1. Per 5 Å bin, what is the whole-percent P(r) computed from every C-alpha pair distance within the range 36-144?
2. Extension gain N269-N39, at 0.36 nm per residue separation less the Cα-Cα distance, in nm?
3. Once the convex hull of the alpha carbons of the range 86-169 is built, what does its volume come to per residue, in cubic angstrom?
4. Could you state, as a whole-number percent, how many of the C-alpha pairs of the range 212-289 are farther apart than 22 Å?
5. Hey, any idea what Rg/Rh is for the range 244-289, computing Rh the Kirkwood way over Cα pairs?
6. Calculate the FRET efficiency for E168 and W56 from the Cβ-Cβ distance with a Förster distance of 22 Å, rounded to the nearest 0.05.
7. If neighbour count is taken as other Cβ atoms inside 10 Å, put K103, K118 in order from fewest to most.
8. In this model, which of K78/K103; K78/K175; K50/K278; K175/K282 are farther than 18 Å apart at the alpha-carbon?
Amino acid sequence: MADWRKHLRIRKGFLFCLAALFVAAVIVSCNGMFYYPDNREYCRLGDVCKRAEEVWFMSRDGTKLHGWFLFSDITPAKGTVLHFHGNAQNLTSHVGFVDWLPKEGYNVFCFDYRGYGKSQGSVAREGTVHDGVAAIAYLRSRSATDPQRIAILGQSLGGAIAVAALGENGVDGVKAVVIDSSFASYRDIANDKLGGTFLTYPFIWALIRGGHEPDESIVRIAPVPFLFLHGDADSVVPIEHGMELYRQAKHPKEFITIPGGEHTSGLHNPEYREMVLKFLAKSLGKESS
């Protein structure tokens, strides 16, 4: 009898360890899948734009953040585009998505969230939203920027952060929002990437903390016009997630499907760049200021 009870305790202990390992694996997978920062320098500021400057500014909690301000080739500029980059590497690897805009008459402000590149701190969802709010506030305060002629461009995770930051901070001066290959819900995209089974979803629901969800924030951004871009061959963020975010947005809005497009591939294509330029011109106004 004693041996039987001993074996039962061992078996229960083994099962408990397996369950703990499973939960730990889900925690790591859920949290780690969103953020892949590094501090490698993929390009130099002087090689990106004719006129540019390095920028430092503070987030809400005092975290020091780093950015690049690229000046328009045309004076005065048509407006300023604030770029929220995706979840990997840092701004120096993402600037290629927007370095063509100064030639078209737009200033560009790129920045790194906390924990990315030269920015201080450790990355977390709430912190990235605070950083986005700080970037918008910094841009409004610059003498080189018309605070009433700002456009937002968010890609992948950056789209989710941008929407949350705008929903929290207000949209004064923001005249256009471009969302490229983003998603509506952290929990839904995590469940999708982890297999979407009935076993994983309860853990994901509990472990992926709520708050700052794009589909909840986006309704507060109206009446700012939206342009959504998404490739129908996107294996990183399937197009259904982008379409759901589009459905939650209020009018005016437009969704452009990129046939055969992979993740964030649209802005490398002159055809879709031209669509973005037409949207910016219509939303910000053709006259420079």
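Coordinate-derived values only; no laboratory data. These numbers come from a predicted model, not from an experiment. When we count neighbours, we look across all protein chains shown, and the Cβ atoms used for this are built from the backbone with ideal geometry, even at glycine.
1. Per 5 Å bin, starting at 0, the Cα pair percentages come out as 2, 13, 25, 25, 19, 11, 4, 0.
2. 80.0 nm
3. In the range 86-169, the Cα convex hull volume per residue is 97 Å³.
4. Cα-Cα pairs in the range 212-289 separated by more than 22 Å: 31 percent.
5. 1.03
6. 0.45
7. With the fewest neighbours first, K103, K118 line up as K103, K118.
8. Check vs 18 Å cut-off fails for K50/K278.
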